[in-house]
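Worksheet: the structure to be examined is printed underneath.
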Amino acid sequence: MIRAQWHAKRGSAMAILGIESSAHTFGVGIVNDGAILANALNRYKLSGSGMIPSKVADFHATKVSDTINAALKSAKLGLGDVEAIGYTKGPGLGACLRIGELAAKALALRYSLPIFPVNHAVGHVEIATQLAHFHDPLALYVSGGNSQILAMVGAPYKHYNVYGETLDIGIGNMLDNFARGLKLVPAWGSSVERLAAGGKYLQLPYTVKGMDFAFTGLLTHSMRLAESGVPRRDLAFSLQQTSFAMLCEATERAMMLTGKRQLILCGGVAQNGVLQHALKSLCDSHSAEFFVAQAEYNGDNGAMIALVAEKMLNSSTKHYPIDECGISQRYRIDDVRVTW
Ligand code: FE2
């Protein structure tokens with residue numbers, strides 16, 4: 001409805017620009033009618049000390065104009081062609097989210113555009129669902145700060161229900177902490193996967209409660225074994241096998257409960273080949289379809305924010321007042337009212 005009014009006023013505008021800045025990536029995506037026209041990004045290079053939010057935010061601030069210009073160039077559009085702006089409201093690091101929010105507000109004010117605050121997790125799930133051409137799948141969303149099993153439900157209002165989730169840290173943080181403890185090089189998830197190749201299985205703590213799971217006991221025990229001289233390769237192998245088996249058990253339970261026969265794997269840890277293989281086998285055993293997007297769309301990116309902003313634009317009956325568009329570091333996916 002908003003979009004029809006806008007077209008009546010401006011005529012030719014034709015693209016939605018989305019800004020992602022919740023963690024180490026400053027990304028700008030451009031979409032039109034669900035088609036991804038651009039997905040530009042700059043990624044902060046992680047060091048052994050991990051992410052210091054103020055330093056990452058400083059990095060993002062230096063990349064705002066470069067990344068926006070790169071996206072516009074790639075889409076062969078100018079700012080005058082943009083009809084709405086989306087940005088990541090949360091969850092994420094406060095200082096980093098602020099940079100994206102302020103960039104989005106500056107563009108919205110300068111060009112009198114509607115602005116849409118987007119939930120980061122919704123972005124991951126929606127872009128994977130679209131690329132899969134799935135309708136109403138179950139989603140396993142795995143990243144540094146999050147690990148959740150999700151599906152859309154219609155009551156009491158339309159939203160993503162969290163069927164299961166980590167009770168402590170995200171699986172990505174667990175893998176990163178393990179890798180940093182072993183002084184592996186970033187990107188830590190890939191380093192653990194490479195180290196694990198050819199390792200032997202050792203029994204490690206396994207924690208699944210219904211469809212929830214926990215990783216800190218597994219991490220602490222693994223680090224103690226590393227300090228006591230247990231081969232690092234075997235530990236990396238067993239850490240992956242154990243944590244991924246936990247995710248598979250919980251996901252299988254959610255598939256049985258919901259009756260869903262389509263599964264998407266999304267988020268930064270979705271790029272792990274061992275996890276992909278385990279979930280594909282799980283789906284095969286239940287005659288279910290499985291999809292994982294290409295790496296560009298699994299990691300944080302602006303295209304997923306633009307896609308959700310476009311869905312919000314197409315289905316909204318009201319503007320989001322710009323002064324009420326803030327950030328929320330702990331913005332949960334099940335707090336989002338889905339309007340599309
Ligand atoms: Fe993410």
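The values are calculated or read from the model by the stated rules, or taken from the named source; none is laboratory data. Values in this document were obtained by computation on a predicted structure and should not be read as measured data. Using ideal geometry, Cβ is built from the backbone for each residue, glycine included, and neighbour counts are taken over all protein chains shown. Quick note on the areas: whole protein, heavy atoms, side chains included, nothing else; ligands and nucleic acids left out. Shrake-Rupley method; radii C 1.70, N 1.55, O 1.52, S 1.80 Å.
Over 19 Å between C-alpha atoms is what I'm after, so list which of K260/K311; K260/K280; K89/K260; K73/K318 land there. Mind showing how you got there, number by number?
Values: K260/K311 23 Å; K260/K280 15 Å; K89/K260 29 Å; K73/K318 31 Å.
From the list (K260/K311; K260/K280; K89/K260; K73/K318), the Cα-Cα distance tops 19 Å for K260/K311; K89/K260; K73/K318.
Angle check, please: helix 273-285 long axis (alpha carbons) against the longest principal axis of the chain (alpha carbons), in degrees 0 to 90, nearest 10.
Taking Cα atoms only, the helix is inclined about 90 degrees.
Where the only charges are on Cβ atoms (+1 Lys, Arg; -1 Asp, Glu), what is the dipole of the range 197-340 about its Cα centre, to the nearest 20 debye? If you can, show how the numbers build up before the last one.
Working: 14 positive and 14 negative charges, 65 e Å.
For the range 197-340, the charge dipole is close to 300 debye.
Residues of the range 1-149: accessible area per residue at 1.4 Å, in Å²?
Values: 5680 Å² over 149 residues.
I get 38 Å² per residue for this part.
Mind checking which aspartates and glutamates have their C-alpha under 15 Å from K158, skipping anything on the same chain fewer than 8 residues away?
E126, D136, D334, D335
Can you tell me the Rg and the Dmax, both Å, for the Cα atoms in the range 202-340?
Just the Cα atoms of the range 202-340 yield Rg and Dmax of 19.1, 61 Å.
Obtain the nm distance between the two label points defined at K318 and K76 by a simple spin-label model: each point lies 7 Å from its Cα along the Cα-to-C-beta direction.
Taking the two extended label points, one gets 4.0 nm.
Measure nothing but the geometry: give the 0 to 90° angle between the long axis through the Cα atoms of 171-181 and the longest principal axis through the Cα atoms of the chain, rounded to 10°.
Taking Cα atoms only, the helix is inclined about 60 degrees.
Treat each spin label as a single point 7 Å out from the Cα along the C-beta direction, and report the V185 to V153 distance in nm.
With each label placed 7 Å out from Cα toward Cβ, I get 4.6 nm.
Any idea what the dipole of the range 169-240 comes to, in debye rounded to 20, about its Cα centre with Lys/Arg Cβ at +1 and Asp/Glu Cβ at -1?
On the way: 8 positive and 5 negative charges, 36 e Å.
For this selection, approximately 180 debye.
Can you compute the label reach from V230? Point 7 Å from Cα along the Cβ direction, backbone N cut-off under 11 Å, restricted to the range 161-202.
Hits in the range 161-202 for V230 at 11 Å: 201-202.
Restricting the calculation to Cα positions, tell me the Rg (one decimal) and the Dmax (whole number) of the range 87-189 in Å.
Expressed in Å, the Cα Rg and Dmax of the range 87-189 come to 16.8, 51.
For the chain, what is one quarter of the convex hull surface built on the Cα atoms, given in nm²?
Numbers: hull surface 66.7 nm².
Answer in nm², one decimal: 16.7.
Tell me, what is the per residue accessible area of the range 182-264 in Å², probe radius 1.4 Å?
About 48 Å² of surface per residue is accessible.
Note down the net charge around T129, summing +1 for each Lys or Arg and -1 for each Asp or Glu among other residues with Cβ under 13 Å from its Cβ.
Working: positive: K260, K311; negative: E126, D136, E289.
With Lys, Arg at +1 and Asp, Glu at -1, the net is -1.
How big is the range 163-242 in terms of Cα radius of gyration and Dmax, in angstroms?
12.1, 38
Kindly provide the chymotrypsin sites (Phe, Trp or Tyr not before Pro) of the range 107-159 that DSSP labels as loop, not H, G, I, E or B, and whose Cβ sees at most 10 other Cβ atoms within 10 Å. Let's see the in-between values first.
On the way: sites: Y111, F134, Y141, Y157; in loops: F134, Y157.
Qualifying residues, ordered by number: Y157.
Got a number for carbon plus sulfur as a percent of the chain's accessible area, 1.4 Å probe?
Exposed carbon and sulfur together represent 52 percent of the surface.
Find which of H277, I171, F215 sits farthest along the positive direction of the dipole of the range 143-284, computed with +1 on the beta-carbon of Lys and Arg, -1 on that of Asp and Glu, about the Cα centre.
So the residue we want is H277.
How high is the FRET efficiency between R337 and D136 when r is their beta carbon distance and R₀ equals 22 Å, given to the nearest 0.05? Can you show the working numbers first?
Numbers: r = 17 Å, r/R0 = 0.79.
It comes out at approximately 0.80.
Using only alpha carbons, build the gyration tensor for the range 28-162 and give me the equivalent ellipsoid semi-axes, biggest first, whole Å.
Details: eigenvalues 130, 92, 43 Å².
So the equivalent ellipsoid measures 26, 21, 15 Å along its semi-axes.
Can you give the FRET efficiency to the nearest 0.05 for S285 and S112, using r as the Cβ-Cβ distance and R₀ = 51 Å?
On the way: r = 54 Å, r/R0 = 1.05.
Calculated transfer efficiency: 0.40.
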